[in-house]
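Remarks on the structure that follows.
Derivation of every value follows stated rules applied to the coordinates shown; laboratory data play no part. Note that the coordinates shown come from a computational prediction; the quantities given were computed from them, not determined experimentally. Reconstructed Cβ throughout: ideal geometry from the backbone, glycine too, with neighbour counts over all protein chains shown.
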Amino acid sequence: MIINTMPKLIDKCRMYLSMQHCTRHRTLYFRLLISLFLSTNAYLFLFPITNEYRPFHLSFKKTNSVADRIVLLVRTSHNCESRLNYLLQSWISTDVLEQSNLYLITDRLSNSANLTLFSSFQNVIQTGCPETHDRNDLCCKTAHEFNLFYNLILTKPNLEWLCRFDDDHYVNIKNLYKYLSQINASKSYYMGRTSISGRLRASNSIRSYSFATYGAGVCFSHALLKQLRPHVHIKNLPVDCLKHRLSDDAYIGYLIECILNVSLTARNDLFHSHLEKLETSFRYFNLNHLSDSITFGFAWDRYKLDWLPIIHELIQLTNRGQIKTASRLWLFLRNYEKEHPENLKDKYDESCISHQRLRNQSIEVHTSKTRKSIETLKQHNETG
């Protein structure tokens, strides 16, 4: 009887979602959707929930020692602090004892910083970098990320990997640990997702290089980090970035491929960024893709960060063996997205104050230009 209610449940969800075209309450839509499906799960899969239930959050405290050999960095900004809530609702454990090798990198804490929010993180590093999103700011934070690793190995010499992510990434920690445990960190590895299809030409050189986009997450082995150290000094890296007129991730790719002669290990099948084309967005992924990948970057103009806990719960359902329920939910979400492409356009990042300011400024400029055009047209008509 419960199983027969699934089509009706999906119909109810569809009706509810169609009403959302007239509202901006997307958060309510996501919560209702998940709660409806999960309430059904309680009846369909009572025995695994009561006997073999796994925590909602993936723990960093694994029996596999690879977890102790990886430093995880998450870059954020005081302008985007609200994004951290979505990370804590999904892949980052709220138990600070399970975050020993997780570090939050930010420019500074805002005066109105949510102390309760930041108390959910064991390690918060304030860099003092500029608060913009330009090259200088990004390269400054990148320098601090490397500097943190070099300081950590003084007391934790067993560290083998540095993996850095952004605050709008979903990271499947289980898959990351599994993948890195199969790779020898004593060799130079630079891995992630290629940013563009072609290669960049180094300035004043015949050499070309590719680089891993920071928008999908990047991992560096201990051996490579030793080679990089002379080139990523906290004072020199931002200056050199600007000198080469490159973004932080592109400049790191230049250093690794052109200066150190280490090639990018591209795993575009595992690392996914917000730069992937709209037509190959989440509709492109089946449940296996979703479960096997390591990262997903979220394009704020297409997907709000409400998707982070949804993706996480889908993966958790799969891990618990609730494949049919996960498949139904994912099929519904994919079909709904396909039927309503208008939902993937004309958005702005509500999770970042700085982006809201830019949007408001853009609206003001557009309004001002429109007003001037109308006035000019009126004057022309009057004189004519």
The relative contact order of the stretch 65-271, taking Cα pairs under 8 Å that sit 6 or more residues apart, comes to a percentage of 23
Burial-style ranking of 168-174, 148-154, average other-beta-carbon count within 10 Å with highest first, yields 168-174, 148-154
Note: T265 to N184 extended length (0.36 nm per residue) minus current alpha-carbon separation gives 27.8 nm
Pseudo-spin-label distance K324 to D95, built 7 Å along Cα→Cβ, given in nm, is 3.2
In order over the stretch 125-134: 3J(HN,Hα) from phi, Karplus 6.51/-1.76/1.60, θ = phi - 60°, whole Hz, x for each Gly or Pro, gives 10, 9, 8, x, 5, x, 9, 7, 10, 8
Around S263 (Cβ within 15 Å, Cβ-to-Cβ, excluding S263; K/R +1, D/E -1) the net charge comes to +4
Within the stretch 148-185, the residues whose backbone N lies under 19 Å from a label point placed 7 Å from the Cα of E131 along the Cα-to-Cβ direction are 167
Using the Kirkwood radius over Cα pairs of the stretch 149-271, the Stokes-Einstein translational diffusion coefficient at 10 °C and 1.306 mPa s, in µm²/s and rounded to a whole number, is 105
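Please give me the summed charge of the neighbours of D107: other residues whose Cβ is under 10 Å from its Cβ, Lys and Arg +1, Asp and Glu -1. Spell out each step's value before the answer.
Working: positive: R75, R108, K141; negative: E131, D137.
Counting the neighbours of D107, the net charge comes to +1.
Could you list the square roots of 5 times each eigenvalue of the Cα gyration tensor of the stretch 65-271, that is, the equivalent ellipsoid semi-axes, sorted largest first and rounded to whole Å?
Working: eigenvalues 138, 84, 49 Å².
They are 26, 21, 16 Å, listed from largest to smallest.
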Pseudo-spin-label distance L275 to C258, built 7 Å along Cα→Cβ, given in nm, is 1.6
